[in-house]
Amino acid sequence: MNRPVLHDEELDKLRVLLVDMFYTVDQQLNEAIDALFHRDEQRAAVVRRREKKVDALELEIDQQCELILSIEHPVGADLRELFGIIKANKDLERIGDYSANLAKYTPHLLRLPETFFSRTHVVELSEQIRTLHADVSRAFLAGDAEAARSLLLRDDEIDAVHEKAFNKISELGKLHPEHAPELAYLLHVARSFERIGDHLINIAEFVIFKVEGEDVRHRQAD
């Protein structure tokens, strides 16, 4: 039996909205990172104001999903895609929240010596997150389960760098008590990057579920 035309049209609209969500969150994340490391308070303020757009997109995508569910009860691959979009939408919204938090931390880090960013592995952590976000976005939008599966290993890599960052920031806090307030905010920055990584890995897992029907969450490596 052919699906109703309305369902196809509404599903296409949902996919377009999701592309917009990926693009908007990518812009938020990258500009928040640039504002942080360039001490650019004006750019950080733009990121904070644009958080409302991410929230509005989240609501619009949720409403579109509800509309599709009200039209017919999808099954199989259609149902997995819908679930994947619902879950990815929430993860993207949380990444947008963390990006806004990075922007909020920016004014509190103005007095921190620039070299502390690289010495504490925070720059390395940010580059991991930039790359992962771009790769996860491509895998999700292309429905590439093989690419998504290859990204799951990066979770441990990000966790390892986050641990190094935490230890180094804590060490510098003892050596440079005059910068203790800034370093406390830098701990929040590192934690935000680690949490963004978790949400991106969630999206990669949803790609595998959507395409292959396999739930790889919480699976331990052999």
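The values are calculated or read from the model by the stated rules, or taken from the named source; none is laboratory data. All values reported here derive from a predicted model rather than from experimental measurement. Ideal geometry is used to build each Cβ from the backbone, glycine not excepted, and the neighbour counts take in all protein chains shown.
Taking helices (runs of 4 or more DSSP H) as the structural unit, those lying wholly within region 140-222 and holding at least 3 residues that are touching a residue at least 12 places away in the same chain (Cβ under 8 Å) and over 23 Å from Asn89 (Cβ atoms) correspond to 154-175, 180-212.
In this structure, is Ala134 among the hydrophobic types (A, V, I, L, M, F, W, C) and surrounded by fewer than 18 Cβ atoms within 10 Å (Cβ to Cβ)?
yes
The lone criterion from (1) closer than 30 Å to Ala160 by Cβ; (2) loosely packed, with under 14 Cβ neighbours inside 10 Å; (3) more than 21 Å from the chain's Cα centre (by Cα) left unmet by Leu69 is number (1). Of the residues Val16, Val54, the single one that is within 18 Å of Ile203 (Cα to Cα), in contact (Cβ under 8 Å) with a residue 12 or more places away in the chain and β-branched (Val, Ile, Thr) is Val54. Of the residues making up region 138-180, those that are touching a Phe, Trp or Tyr at 6+ places or on another chain (Cβ under 7 Å) and modelled with pLDDT under 95 number 1. For Ala32, the stated conditions do not hold, so it cannot be described as touching a Pro at 6+ places or on another chain (Cβ under 8 Å), closer than 30 Å to Leu125 by Cα and either among the aromatic types (Phe, Trp, Tyr) or part of a helix (DSSP H, G or I) (or both). Looking at Ile129, is it in contact with a His (Cβ under 8 Å, 6 or more places away or on another chain) and part of a helix (DSSP H, G or I)? No.
Residue check: Asn2 meets all listed conditions (1) modelled with pLDDT under 95; (2) under 28 Å from His121 (Cβ atoms); (3) of a type in the set (S, T, N, Q) but one, namely (2).
From the list Gly96, Gly84, the one residue that fits, being of a type outside the set (Phe, Trp, Tyr), crowded, with 17+ Cβ neighbours inside 10 Å and modelled with pLDDT under 95, is Gly84.
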